[in-house]
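The structure under discussion appears below in the form of structure tokens.
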Amino acid sequence: MNNSKGLQPLQNSLSGLPQWVSERILHQVSQLTSYEPMIGIMGKTGAGKSSLCNALFAGEVSPVSDVAACTREPLRFRFQVGGRFMTLVDLPGVGESGARDTEYAALYREQLPRLDLVLWLIKADDRALSVDEHFYHKVIGEAYRHKVLFVISQSDKAEPTSRGERLSTEQKQNMSRKICLLHELFQPVHPVCAVSVRLQWGLRVMAERMIRSLPREASSPVAVQLSAPLRTDAVNKKARDDFGETVGTLLDTVSSMPLIPPPVRTIIQTVRDTVVSVARTVWSFFF
Ligand SMILES: Nc1nc2c(ncn2[C@@H]2O[C@H](COP(=O)(O)OP(=O)(O)OP(=O)(O)O)[C@@H](O)[C@H]2O)c(=O)[nH]1
Ligand SMILES: [Mg+2]
């Protein structure tokens, strides 16, 4: 990460603007580059949440608050990679009795607006999906469905199990059926993923889907946290594209501010595409 090296070319591309406008834009770009993403993780106990997070992310995980599991508070973990932070929130509730729905709904209403994405793990051999379905409809509700990415975990436990080192054709067929079933049950916004941490299977596709499912401003900061083998060309491309588009949107927002004099507005509109292309070029200095 080298912020000043990245910001200098951007500053040059904004030099035709009054200083206060270009400073405002640069300030917002530097906020984008230091955005601290927050990802929630849900699923019944033993679904493989901790294992998946360790497989996905490179950072040293440190618990932020030390709350006992029996209290129904979310557990937060803050990660750090090269001076950049990300927070994982281990969200409770799936698989517990429906009696606490109202309580969880309140907790989730508080957490969900701040989360960029929620990974919802369902174990490959878990057939008690009505519990997840109930929770999805009663607690998550319509408003936050776009923030949920379903992940079928422990795919090596799909029938017929073998403890082999690869998934068999039959297991893959059963996984496809399970994926279809989840699409029917949940009608998810994002495609359902399937992984096996034990076999290191499906993780790349999952990581790419996660990057695609994130809000634009969060994809690069999450990509930074991925373990090296998961940071594929597709991940980097999506993250770079998102960053360019976010900078473009930022310029559009500044240009439509009422206090911007019309001639300055014209300059912003003229330099917009150049600034976006510079942002895409300097992306690798930031991420
Ligand atoms: N066979 C197999 N076992 C797995 C896989 N992923 C996790 N496990 C095992 O499943 C068990 C539960 O995994 P965790 O990652 O601790 O699950 P969790 O969802 O964090 O569990 P809680 O924190 O108790 O809610 C552990 O024994 C893991 O080793 C996998 O892909 N395949
Ligand atoms: Mg765990």
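Excluding same-chain neighbours fewer than eight residues apart, the aspartates and glutamates reachable from Lys238 by a Cα-Cα span under 19 Å are Glu36, Asp116, Glu208, Glu217, Asp273. Springs join every pair of Cα atoms under 10 Å in this Gaussian network model of the chain, and among Arg240, Arg204, Arg114 the largest mean-square fluctuation is at Arg114. Taking the longest Cα principal axis of the chain as reference, the axis of helix 19-33 is set at about 20 degrees. For the stretch 88-199, the solvent-accessible area of protein heavy atoms averages 47 Å² per residue (probe radius 1.4 Å; ligands and nucleic acids excluded). Surface composition of the chain: carbon and sulfur make up 52 percent of the accessible area, probe 1.4 Å. To the nearest 10 degrees, how steep is helix 3-13 against the longest Cα principal axis of the chain, on a 0 to 90 scale? Approximately 50 degrees, to the nearest 10. With angles folded into 0 to 90 degrees, how steeply does helix 262-286 sit against the dominant principal axis of the chain? Use alpha carbons for both and round to 10. Computed tilt is about 50 degrees.
Rg of the Cα atoms in the chain, relative to 2.2 N^0.38 Å, amounts to 1.13. Using a cutoff of 8 angstrom between alpha carbon atoms and counting only pairs six or more residues apart, the relative contact order for the stretch 66-145 works out to 25 percent. Other residues lying with their Cβ under 15 Å from the Cβ of Tyr136 contribute a combined charge of -2, Lys and Arg counting +1, Asp and Glu -1. Within the listed set Asn236, Asn12, Asn174, the Gaussian network model of the chain (springs between alpha-carbon atoms below 10 Å) gives the highest mean-square fluctuation for Asn12. Structural size metrics of the stretch 190-269, computed from C-alpha coordinates, are Rg and Dmax of 17.6, 60 Å. Beta-bridge orientation, the chain: approximately 45 percent antiparallel, per DSSP, counting only bridges with both partners inside. Calculated mean residue ellipticity at 222 nm for the chain: -15500 deg cm²/dmol, from DSSP H runs with n ≥ 4 weighted as -39500 (n - 2.57), summed, divided by the residue count and rounded to 500.
For the chain, what is the relative contact order in percent, using Cα pairs closer than 8 Å and at least 6 residues apart in sequence? Present the calculation step by step, with values, prior to reporting the outcome.
On the way: 437 pairs, mean separation 65.0, N = 287.
Taking the mean separation of contacting Cα pairs over the length of the chain, I get 23 percent.
What is the local net charge at Gly95, summed over the other residues whose Cβ is closer than 11 Å to its Cβ (Lys, Arg +1; Asp, Glu -1)? Summing Lys/Arg as +1 and Asp/Glu as -1 gives -1. From largest to smallest, the equivalent ellipsoid semi-axes obtained for the stretch 163-230 from the alpha-carbon gyration tensor read 24, 19, 6 Å.
The coefficient of translational diffusion for the stretch 26-151, derived via Stokes-Einstein from the alpha carbon Kirkwood radius under 10 °C and 1.306 mPa s, stands at 102 µm²/s. If you wrap the tightest convex hull around every Cα atom of the stretch 144-287 and split its volume per residue, you get 131 Å³.
The values are calculated or read from the model by the stated rules, or taken from the named source; none is laboratory data. Nothing here was measured: the structure is a model prediction, and the numbers come from that model. Neighbour counts are summed over all protein chains in view; Cβ atoms, including those assigned to glycine, are modelled from backbone coordinates with ideal geometry. Please note that ligands, DNA and RNA were not included when accessible areas were found on the heavy atoms of the full protein model with its side chains. Shrake-Rupley method; radii C 1.70, N 1.55, O 1.52, S 1.80 Å.
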